[in-house]
Amino acid sequence: MQPPAGYVCVKVEDEFFTVEKHMLIESSDYFRALFDSGMRECTQEEIQLHELPARGFSVMLKVLKDDRPVLNSEEILDAIECAAFLLVKPLTKYLIHIISSNNCILMLQAAATYGVFDLIHASALFIRDIYANVREDLSFLPEDQLDYIESLSPSTFVAVATHSPAVDYLDDVSRTICYLDEVENHWRTLTLLPDKASTSLAGIAVLDNNIYIVGGVDGLRKEVVKPSFCYDTERNSWSEFSSLQHLRYNLTLTGQDGCLFAIGGMCKNIVLATVEKYHVASNTWSFAAHLPRPGEGIACAHTMGRIFVCLWLPMDTTDIYEYRTHKDEWLLVTTLKRQQSYGHCMVAHRDNLYVMRNGPADDFLRCMIDCFNLTRQQWTALSGQYVNSKGALFTAAIRGDTVFTVNRMLTLIYNIQEDKWKPAKEQPGFPRSGSMHTFLLRLPKNRLTSVHQN
């Protein structure tokens with residue numbers, strides 16, 4: 001078999017794959033070392049890989065070509081074997097992104113067998129978050145794996161209300177970030193906000209288990225806050241980092257792969273389409289691809305390593321775009337049209353995007369939810385109305401297969417089912433006034449009292 005120039009033919013089991021050599025060198029430490037070794041294989045047009053599954057190699061090529069294959073158990077096992085033997089970081093990363101309650105134990109076992117340490121850690125973290133639901137299924141795991149899972153901190157539901165910078169002489173005890181102690185049924189203080197920090201119309205995100213606050217306004221002077229702040233969860237300390245190049249408020253902040261993305265917002269009453277990217281390692285901001293159109297207070301979610309936003313055309317249309325980080329481009333994914341209603345909040349679970357929206361005629365005491373499945377490219381409406389007499393639910397966070405929503409009166413916890421969110425538990429509402437930001441954080445065990453029990 002004669003491959004085209006720049007390609008190589010790879011034989012795996014009885015199958016032949018014609019693959020771009022540059023793609024293999026870029027993605028696989030094994031092939032990079034092979035082609036740099038000066039060995040005979042460097043010049044051969046055909047390479048044979050022994051004792052590797054062709055099915056796993058096929059999955060690897062799909063991932064490297066930017067496909068997003070849906071994998072069954074056998075394909076997961078074969079893909080992990082190829083990721084381990086060929087040292088393919090993009091494939092390992094993809095496997096981490098598709099961990100779910102259906103495959104997390106399988107992922108852990110296979111990753112442990114082949115020594116894929118990043119996947120071991122990610123699977124163990126996911127299992128820790130759903131520990132109570134899978135405890136009986138873990139009984140056959142080796143003791144060292146069980147010990148490792150139980151040594152990890154589970155994700156904790158965290159909230160912060162709207163606050164402007166504190167006046168120096170005012171000791172504002174409400175300027176706190178709090179976490180929900182689910183065992184004691186109580187909200188506890190995690191940390192005080194820095195005096196100069198604002199959560200009013202600010203962008204707030206968690207990246208690598210640290211909290212970042214960017215932008216916002218000073219409620220007293222109505223000025224944009226220049227400093228950016230980071231809360232180091234392990235050290236329980238705050239620090240400032242470099243400011244946005246284009247200061248803004250009512251922005252959306254999200255994080256992925258060691259970078260923050262500040263999306264849209266406002267400046268001097270002008271709605272922005274600009275996007276800035278912060279590289280944590282270098283402490284620098286740079287401009288990224290503009291939004292397709294200006295937006296403020298944009299709903300955002302990420303799942304399976306992908307970032308999605310809602311852009312509105314009030315009052316009827318919600319466009320969902322994906323930001324392709326590696327290509328720095330925005331792509332329209334789908335459009336939802338509902339009379340006099342558009343998306344205010346979006347969360348993701350597996351390959352589903354859940355868009356929370358107000359009811360018709362601006363009825364904000366009713367919260368409707370529509371679900372878009374990324375694999376099937378289909379919309380469905382969740383049955384029921386997600387509302388209580390105390391107010392609508394427009395903030396949410398997902399841990400495992402559980403959704404946390406909160407207002408001042410109640411924290412409502414749901415289990416995600418195929419066609420609905422099933423109410424599971426009620427806990428106290430967040431004891432602060434104003435709008436809220438909510439997210440998940442893994443708190444060091446020595447700082448917790450009884451957030452979770454094994």
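The values are calculated or read from the model by the stated rules, or taken from the named source; none is laboratory data. Please read all numbers here as calculations on a predicted model, not as lab measurements. In this analysis, Cβ positions are derived from the backbone assuming ideal geometry, glycine residues included, and neighbour counts consider all displayed protein chains. With ligands, DNA and RNA removed, areas are computed over all heavy atoms of the protein, side chains included. Shrake-Rupley method; radii C 1.70, N 1.55, O 1.52, S 1.80 Å.
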ask   = So which residues in segment 318-350 are under 20 Å from residue 290 (Cβ atoms) and more than 20 Å from the chain's Cα centre (by Cα)?
value = 318, 335
task = Determine, yes or no, whether residue 326 is out of contact with any helix residue (DSSP H, G or I) (no Cβ under 9 Å at 6 or more places or on another chain), open to solvent by 30 Å² or more (accessible area, probe 1.4 Å), in a loop (DSSP other than H, G, I, E, B) and not small (Gly, Ala, Ser).
result = yes
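So that you can scan it fast, the table gives a plain yes or no per residue for (1) within 17 Å of residue 226 (Cα to Cα); (2) open to solvent by less than 10 Å² (accessible area, probe 1.4 Å); (3) without any contact (Cβ under 8 Å) to a residue 60 or more places away in the chain:
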position: 138; (1), (2), (3): no, yes, yes
position: 156; (1), (2), (3): no, yes, no
position: 177; (1), (2), (3): no, yes, yes
position: 180; (1), (2), (3): no, yes, no
position: 213; (1), (2), (3): yes, yes, yes
message = Whether any residue in segment 89-101 is free of Cβ contacts under 8 Å to residues at least 60 places away in the same chain and more than 24 Å from residue 257 (Cα to Cα) is what I want to check.
response = no
task = Please go through segment 258-292 and pick out each residue that is under 24 Å from residue 395 (Cα atoms) and either open to solvent by 30 Å² or more (accessible area, probe 1.4 Å) or aliphatic (A, V, I, L, M) (or both).
result = 260, 262, 263, 266, 271, 272, 273, 275, 291
ask   = closer than 24 Å to residue 395 by Cα and surrounded by fewer than 20 Cβ atoms within 10 Å (Cβ to Cβ) - does that describe any residue in segment 237-244?
value = no
ask   = Taking segment 20-57 as the region of interest, how many residues are at pLDDT below 95, part of a strand (DSSP E or B) and surrounded by 16 or more Cβ atoms within 10 Å (Cβ to Cβ)?
value = 3
key: Failed criterion for residue 226 (all others in (1) part of a strand (DSSP E or B); (2) over 21 Å from the mean Cα position of the chain (by Cα) hold)   = (1)
message = For a quick check of your reading: which helices (runs of 4 or more DSSP H) sit entirely within segment 75-150 and have at least 3 residues that are under 22 Å from residue 34 (Cβ atoms), of a type outside the set (D, E, K, R) and touching a Lys or Arg at 6+ places or on another chain (Cβ under 7 Å)?
response = none
ask   = Being closer than 30 Å to residue 128 by Cα, open to solvent by 10 Å² or more (accessible area, probe 1.4 Å), among the hydrophobic types (A, V, I, L, M, F, W, C) and at pLDDT below 95, is that true of even one residue in segment 66-75?
value = yes
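Conditions tested, residue by residue: (1) aliphatic (A, V, I, L, M); (2) assigned to a loop (DSSP other than H, G, I, E, B).
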{"site": "290", "(1), (2)": "no, yes"}
{"site": "294", "(1), (2)": "no, yes"}
{"site": "318", "(1), (2)": "no, no"}
{"site": "369", "(1), (2)": "yes, no"}
{"site": "372", "(1), (2)": "no, no"}
{"site": "379", "(1), (2)": "no, no"}
Lone unmet requirement of (1) buried (at least 20 other Cβ atoms within 10 Å of the Cβ); (2) of a type outside the set (A, V, I, L, M); (3) within 27 Å of residue 325 (Cα to Cα) for residue 78 = (3)
